[in-house]
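K.L.:
Please find one structure pasted underneath; my questions will follow.
The values are calculated or read from the model by the stated rules, or taken from the named source; none is laboratory data. What you are looking at is a predicted structure, and each value in this text was computed from that prediction instead of being measured. Glycine gets a Cβ as well: all are built from the backbone with ideal geometry, and neighbour counts include every protein chain shown. What goes into the accessible areas is simple: the full protein's heavy atoms, side chains included, and nothing from ligands, DNA or RNA. Shrake-Rupley method; radii C 1.70, N 1.55, O 1.52, S 1.80 Å.
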Amino acid sequence: AASNPKPDIIPPVELLHGSEFASGMLCFLRVAYRADDRLYIGNKFEKGERQREHIKSVANWIDFFSDKLDTIRRSPSQGTRMRLLMNLGFSHSSFCVNPLTGEVDARGSYRSCGCIKEFRYLLLESDNLPIEQQIPLMAGLNLPVVAMTFSGGKSVHGLAKAEAIPGIGPIRDLSEWKQKVGDLFRLLAPLGFDGATKDPVRLSRLPGVWRSDKHKFQQLLFLNPNGGFYV
């Protein structure tokens, strides 16, 4: 209810039941990131040069997904549409929460802490708390959450603006990130948040794609570029 822009500005994509969530992906990319931000969108299995193929500017990703969704929409049968949606969901299930340089590190990775261009977001996630408690907890802590996405499983992923969190401010490098975000997660861990998500290249679930192992869509629940639950 506190989303800004409101969810009803997201145009539905009439493919299959539930597939209207796919259009939430495009709105999320436009609002949460800048057009020239370079994002990794893929899965956790890609390595080396395969990672590079999954790093594009947000503008290019929006064109890429728009074309994919148009192809799915034009497909002649429900079975074909579902197969294409499942393939898209597997190959592009997740995204790195922070923009990357697009350059390789000394170990041959394009998606490592040394490849981060801007330390902008941190990921909030809990697989231990009941899912009905996760959103009220994030809201109650009054953290600068820009987006929340249902993972399709047992968690809601919250994307929070690091520099807007009291006591953190702008983060210039990895050392500063580890210190400030590490201190924050020592406070959050007793509340049930997963401490592993303090990694700045952590993967979060991309809203709007089909999660085959759970037979559900990953759904955008909340979006506010200003960060926070009050407009």
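K.L.:
Looking at (1) open to solvent by 10 Å² or more (accessible area, probe 1.4 Å); (2) touching a Gly at 6+ places or on another chain (Cβ under 7 Å); (3) of a type outside the set (A, V, I, L, M), find the lone condition where residue 173 falls short.
P.N.:
(2)
K.L.:
Same structure again: Given the options 38, 50, name the one that is of a type outside the set (S, T, N, Q) and at pLDDT 95 or above.
P.N.:
Numbers: 50 fails: at pLDDT 95 or above.
Of the residues listed, the single one that is of a type outside the set (S, T, N, Q) and at pLDDT 95 or above is 38.
K.L.:
If you check residue 34 against the conditions, is it more than 13 Å from the chain's Cα centre (by Cα), assigned to a loop (DSSP other than H, G, I, E, B) and under 14 Å from residue 100 (Cα atoms)? Spell out how you get there, then give the answer.
P.N.:
On the way: more than 13 Å from the chain's Cα centre (by Cα): yes; assigned to a loop (DSSP other than H, G, I, E, B): yes; under 14 Å from residue 100 (Cα atoms): yes.
Yes, satisfied.
K.L.:
Ok, one more. What number of residues in the range 168-212 are of a type outside the set (A, V, I, L, M, F, W, C) and touching a His at 6+ places or on another chain (Cβ under 7 Å)?
P.N.:
Filtering the range 168-212 down to residues of a type outside the set (A, V, I, L, M, F, W, C) leaves 169-170, 172-173, 175-176, 178-180, 182-183, 186, 190, 192, 194-195, 197-200, 202, 204-205, 207-208, 211-212.
Subsequent filtering for residues that are touching a His at 6+ places or on another chain (Cβ under 7 Å) retains 204-205.
Residues flagged as of a type outside the set (A, V, I, L, M, F, W, C) and touching a His at 6+ places or on another chain (Cβ under 7 Å) within the range 168-212 amount to 2.
K.L.:
For residue 203, which of the numbered conditions (1) touching a Ser or Thr at 6+ places or on another chain (Cβ under 9 Å); (2) of a type in the set (A, V, I, L, M, F, W, C); (3) free of Cβ contacts under 8 Å to residues at least 40 places away in the same chain fails to hold?
P.N.:
(3)
K.L.:
Right, here's the next one. Return a yes/no flag: does the range 118-129 have any residue that is open to solvent by 40 Å² or more (accessible area, probe 1.4 Å) and within 19 Å of residue 161 (Cα to Cα). If you could, list the steps in order and put the result at the bottom.
P.N.:
First pass over the range 118-129, keeping only residues open to solvent by 40 Å² or more (accessible area, probe 1.4 Å): 118, 127-128.
Next cut, within 19 Å of residue 161 (Cα to Cα) only: 118.
The answer is yes, given that some residue of the range 118-129 is open to solvent by 40 Å² or more (accessible area, probe 1.4 Å) and within 19 Å of residue 161 (Cα to Cα).
K.L.:
Identify, by number, the condition in (1) assigned to a loop (DSSP other than H, G, I, E, B); (2) open to solvent by less than 60 Å² (accessible area, probe 1.4 Å); (3) on the phi < 0 side of the Ramachandran plot; (4) not aromatic (Phe, Trp, Tyr) that residue 106 doesn't meet.
P.N.:
Among (1) assigned to a loop (DSSP other than H, G, I, E, B); (2) open to solvent by less than 60 Å² (accessible area, probe 1.4 Å); (3) on the phi < 0 side of the Ramachandran plot; (4) not aromatic (Phe, Trp, Tyr), residue 106 violates only (2).
K.L.:
For the range 180-217, give me each residue that is open to solvent by 20 Å² or more (accessible area, probe 1.4 Å), within 16 Å of residue 121 (Cα to Cα) and part of a helix (DSSP H, G or I). Let's see the steps before the verdict.
P.N.:
Filtering the range 180-217 for residues open to solvent by 20 Å² or more (accessible area, probe 1.4 Å) gives 180, 183-184, 186-187, 189-191, 194-196, 198-199, 202-203, 205, 210-216.
Narrowing the set further to residues that are within 16 Å of residue 121 (Cα to Cα) leaves 180, 183-184, 194-196, 198-199, 202-203, 205.
Within the range 180-217, 180, 183, 184, 195, 196, 198 qualify.
K.L.:
May I ask you to verify whether residue 59 is assigned to a helix (DSSP H, G or I) and at pLDDT 95 or above?
P.N.:
On the way: assigned to a helix (DSSP H, G or I): yes; at pLDDT 95 or above: yes.
The answer is yes for residue 59.
K.L.:
How many of the residues making up the range 25-57 are in contact with a helix residue (DSSP H, G or I) (Cβ under 9 Å, 6 or more places away or on another chain), over 18 Å from residue 201 (Cβ atoms) and open to solvent by 10 Å² or more (accessible area, probe 1.4 Å)?
P.N.:
Number satisfying all stated conditions: 5.
K.L.:
Next question. Could you grab me the full set of residues in the range 86-103 that are open to solvent by 30 Å² or more (accessible area, probe 1.4 Å) and farther than 15 Å from residue 40 by Cβ?
P.N.:
Correct list: 86, 87, 90.
K.L.:
Among the residues that make up the range 71-84, is at least one of them of a type in the set (D, E, K, R) and either buried (at least 17 other Cβ atoms within 10 Å of the Cβ) or touching a residue at least 12 places away in the same chain (Cβ under 8 Å) (or both)? Spell out how you get there, then give the answer.
P.N.:
Residues of the range 71-84 that are of a type in the set (D, E, K, R), as a first pass: 73-74, 81, 83.
Pick out the ones that are also either buried (at least 17 other Cβ atoms within 10 Å of the Cβ) or touching a residue at least 12 places away in the same chain (Cβ under 8 Å) (or both) and you get 73, 81.
Yes: the range 71-84 contains one or more residues that are of a type in the set (D, E, K, R) and either buried (at least 17 other Cβ atoms within 10 Å of the Cβ) or touching a residue at least 12 places away in the same chain (Cβ under 8 Å) (or both).
K.L.:
Additional query: Any residue in the range 113-120 that is modelled with pLDDT of 90 or more, closer than 18 Å to residue 227 by Cβ and of a type in the set (Val, Ile, Thr)?
P.N.:
Residues of the range 113-120 modelled with pLDDT of 90 or more: 113-120.
Within this subset, residues satisfying the condition of being closer than 18 Å to residue 227 by Cβ are 118-120.
Next, from what is left, pick out any that are of a type in the set (Val, Ile, Thr): none.
No: the range 113-120 contains no residue that is modelled with pLDDT of 90 or more, closer than 18 Å to residue 227 by Cβ and of a type in the set (Val, Ile, Thr).
K.L.:
Do we find a residue being modelled with pLDDT under 90 and in a helix (DSSP H, G or I) anywhere in the range 140-157?
P.N.:
Yes; the residues of the range 140-157 include at least one that is modelled with pLDDT under 90 and in a helix (DSSP H, G or I).
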